[in-house]
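Quick one: this structure, given as structure tokens, is what I'll be asking you about.
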Amino acid sequence: MSDGITGVILAGGQGRRMGGLDKGLRQLRGKPMIEWVLERFAPQVDTVLINANQNLEVYARFGHPVITDEIGGFAGPLAGLQCALSAARQPLVATVPCDSPFLPADLVARLDTALQARQAQLAVARTGNQPHPVFCLCRRDVLPHLTQFLAGGGRKIDAWYATLRVAEVAFDDEADAFSNINTPEELSAFENAR
């Protein structure tokens, strides 16, 4: 595996579909969703950062640096990626969302293998024909390009990816691992599916 990967958990959204509640802090089976994510993600990377724009002191209690978007107004996952690339000290940055508590335990290794083999700028997980753009590994040197995209008003993650050399990595063997929890109903379904 590559030397030096900073892992970033994206928890910077407003949680609109969760009724305005911070998704990463919602309880699932007795612990906050971000704790489930940390348990699976932290062993895969060298350093963990948490990208959040509210409840900063609560996120800080999980023992990792908390970073906030440089762009105001809850600008989406690209704003979270931008601040992660700015804060990272390692050459590669891996991102996962705070609302996917069952993410693959081999996510970063598989993305890294594809990134290196295809000399890509960014590797992204895919199941079937569906890319999962917030599950990615990218080179830190894409930061100026991303900053320029955001400065020009760009916010759509797939529009930015279209400007890069991207390696899509099939995870059809672990498709359920990408289940994310956006609404109280989905949370309730996972709470009861033991």
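Since every read-out is calculated from the coordinates, none of them should be taken as a lab result. This one's a predicted model, so the numbers in the text were calculated from it and none came from an experiment. In this analysis, Cβ positions are derived from the backbone assuming ideal geometry, glycine residues included, and neighbour counts consider all displayed protein chains.
Taking one equal scatterer on every alpha-carbon of the stretch 81-166, how large is log10 of I(q)/I(0) by Debye at q = 0.13, 0.23 1/Å?
Debye curve over Cα of the stretch 81-166, log10 I(q)/I(0) at q = 0.13, 0.23 Å⁻¹: -0.40, -1.29.
Another one. Taking every DSSP beta bridge with both residues inside the stretch 5-192, roughly what % is antiparallel (nearest 5)? Don't skip to the end; give the middle numbers.
On the way: 12 of 31 bridges.
Expressed as a percentage, antiparallel bridges in the stretch 5-192 total about 40.
Add +1 for every Lys or Arg and -1 for every Asp or Glu among the other residues with Cβ under 13 Å from the Cβ of Gln82, and state the total.
My count for the surroundings of Gln82 gives 0.
Given an 8 Å cut-off on Cα distances and at least 6 residues of separation, report the relative contact order of the stretch 5-192 as a percent. Write down the numbers at each step before the final one.
Numbers: 347 pairs, mean separation 47.5, N = 188.
Here the relative contact order equals 25 percent.
What are the principal axis extents of the Cα atoms in the chain, in Å, biggest first?
42, 38, 29
Residues with beta-carbon under 11 Å from that of Ala52, excluding Ala52: net charge, scoring Lys, Arg +1 and Asp, Glu -1? The partial results should precede the final answer.
Details: positive: Lys23; negative: Asp22, Glu57, Asp69.
Residues near Ala52 contribute -2 overall.
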